[in-house]
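Student: Got a structure for you, questions after.
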Amino acid sequence: MRSFLKMKPSLHPVKHHLSSSIVSWIEDEDSMAGSSHFTDSEMSEDGYSHSNSYLSRNLHDMHISVRLIEEFMELAKENTSSNLETCGILGASLKDGIYYVTTLVIPKQETTAHSCQASNEEEIHATLAGLSLIPVGWIHTHPSQTCFLSSIDLHTQYSYQVMLPKAVAIVNAPTDQTRQVICRDFLCILHYGIFRLTDPGGMAVLRECKESGFHQHPQTLDGSSIYESCGHVYFKPNLRFEIVDLRTS
Ligand SMILES: [Zn+2]
Ligand SMILES: [Zn+2]
């Protein structure tokens, strides 16, 4: 995958006030006017994300820049090529009932081909609190697996959804061709899904589960699946975002 940032001169660095591990960009609105990331059909096929949401704003919808996902994949590239997962936390601010994902925090992490565990959680909390951001979910890679939530992922997602019912898990699975989404304007291909536990079904299963490691979960009481694709996440062309990479701090 090619990095959008290396291709678009309209992005320029903005000043930041924390440590040097923060990188941030602001997108030039004029240069983005009229551009769209995905065709309507490409987006609606999957049913979990939409580029044209201006007429369907709902309380606690989530807005995110597609470049944030691209940049995350760029930061994860070394791990991905070594068949190691990478994870990050999505920090958002709440304005007029909408969560705007403004920051991607890459924590120090312990990673394998099938799991990724953030370490030093105090550092993550301090970073988010310092920027007055709400953790609205997480993003991680499946370098060689398909796009889904593993049993360990479900427990991680549970901990986010307990704090914030609208929290999401974004999974990037570059080898999963069934998840291919082409962003025409940016000449990139992304393979991702956006998920959450069903509530009450999946949440109840995870609340009761005391197991760790990879394991099977029982059926939900109401027969629903344990997790589902999200319909409240929207990609926006003009969102400013920052990346805080704590791995290098
Ligand atoms: Zn996973
Ligand atoms: Zn479990």
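The values are calculated or read from the model by the stated rules, or taken from the named source; none is laboratory data. In this text the structure is predicted, and so the values were computed from the model without any measurement. Using ideal geometry, Cβ is built from the backbone for each residue, glycine included, and neighbour counts are taken over all protein chains shown.
Student: If we scan the stretch 201-218, do we find a residue that is closer than 22 Å to Asp245 by Cα and of a type in the set (A, V, I, L, M, F, W, C)? Give the steps one after another, and end with the answer.
Tutor: The initial filter retains those residues of the stretch 201-218 that are closer than 22 Å to Asp245 by Cα, namely none.
No, there is no match, as no residue in the stretch 201-218 is closer than 22 Å to Asp245 by Cα and of a type in the set (A, V, I, L, M, F, W, C).
Student: Among the residues of the stretch 121-151, count how many are closer than 13 Å to Val244 by Cβ and over 17 Å from the mean Cα position of the chain (by Cα).
Tutor: First, pick out the residues of the stretch 121-151 that are closer than 13 Å to Val244 by Cβ: 123-131, 133, 135.
Next, from what is left, pick out any that are over 17 Å from the mean Cα position of the chain (by Cα): 123, 125-127, 129-131.
Selection size over the stretch 121-151: 7.
Student: Where residues in the stretch 219-236 are assigned to a loop (DSSP other than H, G, I, E, B) and touching a Phe, Trp or Tyr at 6+ places or on another chain (Cβ under 7 Å), which of them is farthest from ligand 2 (Cβ to nearest atom)?
Tutor: Here is the first cut: in the stretch 219-236, the residues assigned to a loop (DSSP other than H, G, I, E, B) are 219-226, 230-232.
Pick out the ones that are also touching a Phe, Trp or Tyr at 6+ places or on another chain (Cβ under 7 Å) and you get 230-231.
On the way: Cys230: 21, Gly231: 25 Å.
Among those that are assigned to a loop (DSSP other than H, G, I, E, B) and touching a Phe, Trp or Tyr at 6+ places or on another chain (Cβ under 7 Å), it is Gly231.
Student: Collect the residues in the stretch 220-231 that are out of contact with any helix residue (DSSP H, G or I) (no Cβ under 6 Å at 6 or more places or on another chain) and closer than 26 Å to Gln117 by Cα, keeping them in residue-number order. Step through it out loud before you land on a result.
Tutor: Taking the stretch 220-231 as the starting set, the residues that turn out to be out of contact with any helix residue (DSSP H, G or I) (no Cβ under 6 Å at 6 or more places or on another chain) are 221, 223, 225, 228-231.
Ser225, Glu228, Ser229, Cys230 - these are the residues of the stretch 220-231 that are out of contact with any helix residue (DSSP H, G or I) (no Cβ under 6 Å at 6 or more places or on another chain) and closer than 26 Å to Gln117 by Cα.
Student: Could you tell me which of the residues Asp222, Asp176 is within 16 Å of ligand 1 (Cβ to nearest atom) and among the acidic types (Asp, Glu)? Explain how you work it out, then say what you get.
Tutor: Details: Asp222 fails: within 16 Å of ligand 1 (Cβ to nearest atom).
Testing whether each residue is within 16 Å of ligand 1 (Cβ to nearest atom) and among the acidic types (Asp, Glu) leaves just Asp176.
Student: Also, quick follow-up: Would you pick out the residues in the stretch 152-172 that are within 16 Å of ligand 2 (Cβ to nearest atom), among the hydrophobic types (A, V, I, L, M, F, W, C) and touching a helix residue (DSSP H, G or I) at 6+ places or on another chain (Cβ under 7 Å)?
Tutor: Leu154, Ala169, listed by residue number.
Student: What tally of residues in the stretch 107-139 results from selecting those that are part of a helix (DSSP H, G or I), in contact with a strand residue (DSSP E or B) (Cβ under 8 Å, 6 or more places away or on another chain) and either farther than 20 Å from Glu71 by Cα or within 16 Å of ligand 2 (Cβ to nearest atom) (or both)?
Tutor: First, the residues of the stretch 107-139 that are part of a helix (DSSP H, G or I): 121-130.
Next, from what is left, pick out any that are in contact with a strand residue (DSSP E or B) (Cβ under 8 Å, 6 or more places away or on another chain): 124, 127-128.
Okay, now just the ones that are also either farther than 20 Å from Glu71 by Cα or within 16 Å of ligand 2 (Cβ to nearest atom) (or both), so none.
The number of residues fulfilling the criteria is 0.
Student: Mind telling me which of the residues Leu90, Leu94, Leu104, Leu68 ends up being away from ligand 1 (no atom under 16 Å from the Cβ), crowded, with 19+ Cβ neighbours inside 10 Å and part of a strand (DSSP E or B)? Write out each step before concluding.
Tutor: On the way: Leu90 fails: away from ligand 1 (no atom under 16 Å from the Cβ); Leu94 fails: crowded, with 19+ Cβ neighbours inside 10 Å; Leu68 fails: part of a strand (DSSP E or B).
None of the others qualify; the one that does is Leu104.
Student: Sticking with this structure for a sec: Just to be sure I understand the filter: pairs with C-beta atoms under 6 Å, separated by 6 or more residues or on different chains, first member in the stretch 80-91 and more than 16 Å from ligand 2 (Cβ to nearest atom), second member hydroxyl-bearing (Ser, Thr, Tyr). Which pairs pass?
Tutor: Every condition considered, the pairs that remain are Thr80/Thr141; Asn83/Ser144; Leu84/Thr111; Glu85/Thr111; Glu85/Thr141; Thr86/Thr141; Gly91/Thr103.
Student: Condition first: buried (at least 19 other Cβ atoms within 10 Å of the Cβ) and either within 21 Å of Ser225 (Cα to Cα) or within 16 Å of ligand 1 (Cβ to nearest atom) (or both). Now tell me which residues in the stretch 125-146 satisfy that.
Tutor: Gly137, Trp138, Ile139, His140, Thr141, His142, Pro143
Student: In the set Leu149, Leu239, which member is part of a loop (DSSP other than H, G, I, E, B), modelled with pLDDT of 95 or more and either crowded, with 19+ Cβ neighbours inside 10 Å or away from ligand 2 (no atom under 16 Å from the Cβ) (or both)? Let's see the steps before the verdict.
Tutor: Working: Leu239 fails: modelled with pLDDT of 95 or more.
Exactly one residue qualifies, and that residue is Leu149.
Student: If you take the residues of the stretch 194-218 that are of a type outside the set (Phe, Trp, Tyr) and more than 13 Å from ligand 2 (Cβ to nearest atom), which of them is surrounded by the most Cβ atoms within 10 Å (Cβ to Cβ)?
Tutor: Initially, the stretch 194-218 is screened for residues of a type outside the set (Phe, Trp, Tyr), giving 194, 196-213, 215-218.
Among the residues that remain, those that are also more than 13 Å from ligand 2 (Cβ to nearest atom) are: 194, 196, 198-201.
Details: Ile194: 23, Arg196: 25, Thr198: 16, Asp199: 12, Pro200: 13, Gly201: 19.
Per the criteria, the residue is Arg196.
Student: Also, I was wondering about something else. Is one or more of the residues making up the stretch 151-160 in contact with a His (Cβ under 7 Å, 6 or more places away or on another chain), within 16 Å of ligand 1 (Cβ to nearest atom) and acidic (Asp, Glu)?
Tutor: no
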